[in-house]
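The values are calculated or read from the model by the stated rules, or taken from the named source; none is laboratory data. This structure is a prediction, so every number in the text was calculated from the model and none was measured. When we count neighbours, we look across all protein chains shown, and the Cβ atoms used for this are built from the backbone with ideal geometry, even at glycine.
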Amino acid sequence: MHGKPAPRPLLEPGVRPRPPRGGKNALRAPFGRRGWKGSRRGGRGLSASALPLLSTPAALAETSACGRIPRPRWYGNPQFDGKYIHWNHPILKHWDPRLTKNYPQGKHSPPDDIGSSFYPELGIYSSRDPSVIETHMKQMYSASIGVLALSWYPPGTNDENGENTDDLVPTILDKAHKYNLKEFSELLGSGGVFLPQVTFHIEPYSNRDDQNMYKNVKYIIDKYGNHPAFYRYKTKTGTALPMFYIYDSYITKPEKWANLLTTTGSQSIRNSPYDALFIALLVESKHRYDILQAGFDGIYTYFATNGFTYGSSYENWARIKSFCDQFNLLFIPSVGPGYIDTSIRPWNAQNTRNRISGKYYETALGAALHAHPSVISITSFNEWHEGTQIEKAIPKRTSSTVYLDYRPHKPSLYLELTRRWSEKYSKERATYALDQKLPVS
């Protein structure tokens, strides 16, 4: 990257991020009908919330699958891909052209200069490297993550920083299934670890509408639906349905979604072989009613920054859960270990959230458990660009940057915390379901 300063820590341990100017409303300014201006937040790759394996969010899911990581991001390097993918992320311009000149421009230059404030223990890896996929599965297994939500683009499409990776989905499914083949006695001996299954986090590709979404869902279910690692959620009626997360769902008008997601829609997918649970992203409060009108089955909040949006604000989760209960929707709060994206958005420091040695993550998990959701998603397993990863990171110093790390704790800190809270969530979920006479999926 051009014009980087002399080596210095990106954020000193214990330093609180500068609060945003203008109060909570200022946090909403970057959002437009087409998503977050200046960012094009696509290309996560596999996420557990992301998995690359993935780069996505992870998630604590139902008691039968204690962790769900959404949107693993896909990464590439010259050895496996012929070039760097995502590690050399461009520095995104401020949405106000008048302010762009105040910030660095250009692209990152791996391997020492990457688009992240942290540095992965695995180095500048490729999501196509079989050993990396194996290691990621082991890390998710150790963290009791039950479901990976792969960041997905239809064949022939991709985000502007990467390449289409649908061809890697079979490998991910096979690796996930490998960990589902562990003997039950071994599970008990390892403390009741839950094994990963795979679902899909559908990105906002160009021309994503009701008609193309029908084709996408049909393609995914026809091609992958019979794989033993393909995730299905057991509903209250006992039916096991696929689950799809729809990122930036608010970009498409509710009437368009209703064509697909309501029983009376012009090309309804309901009660067909391709019926599924469709989970919409909740950003603003008003989106709740759009989601209802559209016919979605649930809500997730994705962002790891408390206070960034209505949906990602912990103080709103009880109200959102009440709304979902009233209208029979799933509520899936998303939690993360922290947030820092100034390596690719140098103008966005006000949204940094320091990890505080795991305290930020545990506060988020506690807030999520307090809302008694059926599923908790984690943003993310390996979204390195935004500093939300729970994947292992190591200390790293180069001629231009001192990367953040998890010291004084081990690189596995956030995997261990995820496992601990996954076990806690399983117990509390089972007790709550028993008290409320709810089915435990």
Checking the structure you have, find out if any residue of region 347-360 is surrounded by fewer than 20 Cβ atoms within 10 Å (Cβ to Cβ), modelled with pLDDT of 95 or more and among the charged types (D, E, K, R). yes
When the residues of region 139-156 are filtered to those that are modelled with pLDDT of 90 or more and under 19 Å from Met213 (Cα atoms), which remaining residue is surrounded by the fewest Cβ atoms within 10 Å (Cβ to Cβ)? Pro155
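Per-residue answers, yes or no, for (1) surrounded by fewer than 18 Cβ atoms within 10 Å (Cβ to Cβ); (2) over 19 Å from Pro373 (Cβ atoms):
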position: Asn259; (1), (2): no, yes
position: Gly265; (1), (2): no, yes
position: Pro273; (1), (2): yes, yes
position: Ile291; (1), (2): no, no
position: Ile299; (1), (2): no, no
So Gly338 ticks every box in (1) surrounded by fewer than 18 Cβ atoms within 10 Å (Cβ to Cβ); (2) under 15 Å from the mean Cα position of the chain (by Cα) but one. Which box is left unticked? (1)
Need pairs with beta-carbon distance below 9 Å; first residue surrounded by fewer than 24 Cβ atoms within 10 Å (Cβ to Cβ) and within region 363-382, second part of a loop (DSSP other than H, G, I, E, B) and among the hydrophobic types (A, V, I, L, M, F, W, C); sequence gap 6+ or separate chains. Ser374/Ala61; Ser374/Leu438
For region 189-199, state whether one or more residues are out of contact with any Lys or Arg (no Cβ under 7 Å at 6 or more places or on another chain), on the phi > 0 side of the Ramachandran plot and either at pLDDT below 90 or part of a helix (DSSP H, G or I) (or both). yes
Selection from region 122-138 of residues over 19 Å from Tyr231 (Cα atoms) and surrounded by 17 or more Cβ atoms within 10 Å (Cβ to Cβ) yields Leu122, Ile124, Tyr125, Ser126, Ser127, Arg128, Asp129, Val132, Thr135
For region 271-301 the number of residues that are over 24 Å from Ala240 (Cα atoms) and aromatic (Phe, Trp, Tyr) is 1
Sole miss for Tyr219 among (1) closer than 21 Å to Ala176 by Cα; (2) touching a Lys or Arg at 6+ places or on another chain (Cβ under 7 Å) is condition (2)
Test Tyr250 against the stated conditions and say whether it is closer than 28 Å to Asn226 by Cα and either surrounded by 20 or more Cβ atoms within 10 Å (Cβ to Cβ) or at pLDDT 95 or above (or both). no
In region 115-161, which residue that is polar (S, T, N, Q) and part of a loop (DSSP other than H, G, I, E, B) is nearest to Arg397 (Cα to Cα)? Ser117
Region 100-114 - residue that is among the polar types (S, T, N, Q) and farther than 23 Å from Arg397 by Cβ and, of those, surrounded by the fewest Cβ atoms within 10 Å (Cβ to Cβ): Asn102
Please work out which residue is modelled with the lowest pLDDT, limiting yourself to region 66-86 and to residues that are more than 14 Å from Thr388 (Cα to Cα) and crowded, with 24+ Cβ neighbours inside 10 Å. Cys66
